[in-house]
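**Q** Mind looking over this structure? Questions follow.
The values are calculated or read from the model by the stated rules, or taken from the named source; none is laboratory data. Quick caveat: nothing in here was measured; it's all calculated off a predicted structure. For neighbour counting, all protein chains shown are included, and Cβ atoms are generated from backbone atoms with ideal geometry for every residue, glycine included.
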Amino acid sequence: MTTLPKPRQPELKTSLPGPKTAAIMARDAQHLSTSYMRPYPFVPDHGEGVWLTDVDGNTMLDFFAGIAVSTTGHAHPHVVKSVQEQMTRFAHVCLTDYPQEITTSLAERLVKHIEKPGEKWRVFFGNSGAEAVEAAVKLARNHTGRTHIISTLGSFHGRTYGAITLTGSKTKYKRGFGPLLPGVSHVPYPNPFRPPLGSTPEFCGDAVLAHVKNLFQTVLPPDEVAAFIIEPMQGEGGYIVPPMGFLKKLRGLCDQHGILLIFDEVQSGMGRTGKMFSFQQFEEYGGVQPDIVTVAKGIASGLPISAMLAKESVMTWPVGSHGSTFGGNPVAAAAAHATLDLLEGVVKHPGCGDSLMENATSVGDYILSELRAMQTEFPFLGDVRGQGLFIGLEFVKPDGSPDGKLRDAASMAMFEKGLLNLDCGEAVIRISPPLILTREDAETGLEIMRGALRSLSTQR
Ligand SMILES: Cc1ncc(COP(=O)(O)O)c(C=O)c1O
């Protein structure tokens, strides 16, 4: 018998940080890499569903899921059971050399979500998003025999050398680390709220494509371009949804020049937007099929595994040319199977409809409409955008420019009231909760947000 999750409220037993949290943070500051950021004083002890409790016993509502990772929430019984079962069988036998049924069936399951009639796809497994991106770029170069890659400004593709070169969001990722990968260009991302190249929301996609065509005529021979890599919905850059029809036109331009189209779905994929991959949200606008897709983050509810999916006609690199010791680890693969069970609705989660993808759509629509309603009371909420549980909230100054300071203050105010959240872009809060978020828990989160925003309004 299934039981519905009980509606709960955050419970703050100490001021933040509590004493145990503060003590661990002090040790962390002594011993861990100086590159780690510590914006919020929270040290998790355990989690259950959409709730996380810190080492001082403070329970917070999770509205960011460890950056869109904890798809099924924390300690989901179905995921825990699958992982435990696999651990009792074997934890590692290198996939690069030995096939394993659990990864074979995972690949079969993943490609079912992408293959069109008459098309076959294959899968390479890694451990992280960056590793999937590296694999995608290596494959694209190897398959086409071309060297150049086009990426977008505002993008995030990871922190390894190839991936930081492709990343276009912040110079801090690159400063002092050069030389980076040669042969990479960046073009603007079509952001309808801040249209690039002097364009309009409606035509910003066309403006970006005109810019690319101009590059092809002036500085970048298109026959030297191996691939165009893009997030179909941009994550770290600000949770941006491009204009409808843009990706299809981009596909057309790539086809014209024999350029492979890579969709980086590391943040937006695995059901987060309500479809398995975010590019599938554009199907009713003519649809678009990429050549290569990268996924990671939400694929296994917190266990490290990533996948690079490619059309069979593209995955032509020779035997032994690429691999990974841990990639496709069977314990992580078990967690990915369990996550897919819940995403697809093979296993139901109480209170979440037929599947977690369906739940992402319905709860996401509800949050979007409530946030849009809040824009009247809070004019500094310049834009509310997204799809499913991939939602961005952009803070603006009275002149419409991004207000990063206000965003930071809002984010902290929400945290202090018991809502775990995370920034992105210049002035955006991303809302990317576990996909098991019920409408009741969404209401709780929205109420916290309202209270935090009101407290900011009165301080201004
Ligand atoms: C779109 C996208 N690609 C790649 C990455 C890199 O993933 P990882 O941090 O697992 O290497 C990220 C991480 O935020 C991402 O958002």
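**Q** From the list Val293, Val331, Val288, which one is under 18 Å from Leu247 (Cβ atoms) and either touching a helix residue (DSSP H, G or I) at 6+ places or on another chain (Cβ under 6 Å) or hydroxyl-bearing (Ser, Thr, Tyr) (or both)? Explain how you work it out, then say what you get.
**A** Details: Val293 fails: either touching a helix residue (DSSP H, G or I) at 6+ places or on another chain (Cβ under 6 Å) or hydroxyl-bearing (Ser, Thr, Tyr) (or both); Val331 fails: under 18 Å from Leu247 (Cβ atoms).
Only one candidate qualifies: Val288.
**Q** When you go through (1) under 20 Å from the mean Cα position of the chain (by Cα); (2) not assigned by TED's automatic domain parsing to the domain that holds Glu134 one by one for Ala310, which number turns out not to apply?
**A** Unmet condition: (2).
**Q** Take the conditions in the same structural domain as Ile259 (by TED's automatic domain parsing), over 17 Å from Val331 (Cβ atoms), at pLDDT 95 or above and not charged (D, E, K, R) and apply them to Leu110. Does it pass? Explain how you work it out, then say what you get.
**A** Values: in the same structural domain as Ile259 (by TED's automatic domain parsing): yes; over 17 Å from Val331 (Cβ atoms): yes; at pLDDT 95 or above: yes; not charged (D, E, K, R): yes.
In short, yes.
**Q** For the range 77-171, list the helices (runs of 4 or more DSSP H) that sit wholly inside it and hold at least 2 residues that are more than 16 Å from the ligand (Cβ to nearest atom), surrounded by 22 or more Cβ atoms within 10 Å (Cβ to Cβ) and not acidic (Asp, Glu); which are they?
**A** Details: elements: 77-89, 101-112, 129-144, 161-166.
The qualifying helices (runs of 4 or more DSSP H) are 77-89, 101-112.
**Q** Next question. Which condition breaks for Gly57 when tested against (1) in the same structural domain as Gly418 (by TED's automatic domain parsing); (2) in contact with a Ser or Thr (Cβ under 9 Å, 6 or more places away or on another chain); (3) part of a helix (DSSP H, G or I)?
**A** (3)
**Q** Looking at the range 30-41 only, could you name the residues that are without any contact (Cβ under 8 Å) to a residue 12 or more places away in the chain and farther than 21 Å from Tyr173 by Cα?
**A** Within the range 30-41, Gln30, His31 meet the criteria.
**Q** Further question: Could you tell me whether the range 52-63 includes any residue that is without any contact (Cβ under 8 Å) to a residue 40 or more places away in the chain and surrounded by 21 or more Cβ atoms within 10 Å (Cβ to Cβ)? It would help to see each step written out before you state the result.
**A** Of the residues in the range 52-63, the ones without any contact (Cβ under 8 Å) to a residue 40 or more places away in the chain are 53-55.
In the following step, the residues that additionally are surrounded by 21 or more Cβ atoms within 10 Å (Cβ to Cβ) were identified as 54.
Checking the range 52-63: at least one residue is without any contact (Cβ under 8 Å) to a residue 40 or more places away in the chain and surrounded by 21 or more Cβ atoms within 10 Å (Cβ to Cβ).
**Q** Within the range 180-192, can one find any residue that is in contact with a Cys (Cβ under 6 Å, 6 or more places away or on another chain), assigned to a loop (DSSP other than H, G, I, E, B) and closer than 25 Å to Glu224 by Cα?
**A** Scanning the range 180-192 turns up at least one residue that is in contact with a Cys (Cβ under 6 Å, 6 or more places away or on another chain), assigned to a loop (DSSP other than H, G, I, E, B) and closer than 25 Å to Glu224 by Cα.
**Q** Inside the range 261-274, can you point out the residues that are touching a residue at least 60 places away in the same chain (Cβ under 8 Å) and either within 14 Å of Met308 (Cα to Cα) or among the polar types (S, T, N, Q) (or both)? Please lay out each step first, then the result.
**A** Restricting attention to the range 261-274, the residues satisfying the condition of being touching a residue at least 60 places away in the same chain (Cβ under 8 Å) are 262, 264, 266-268, 270-274.
Passing the criteria: Ile262, Asp264, Val266, Gln267, Ser268, Met270, Thr273.
**Q** Which of the residues belonging to the range 418-437 are surrounded by fewer than 21 Cβ atoms within 10 Å (Cβ to Cβ) and out of contact with any Asp or Glu (no Cβ under 9 Å at 6 or more places or on another chain)?
**A** Within the range 418-437, Leu422 is the sole residue that qualifies.
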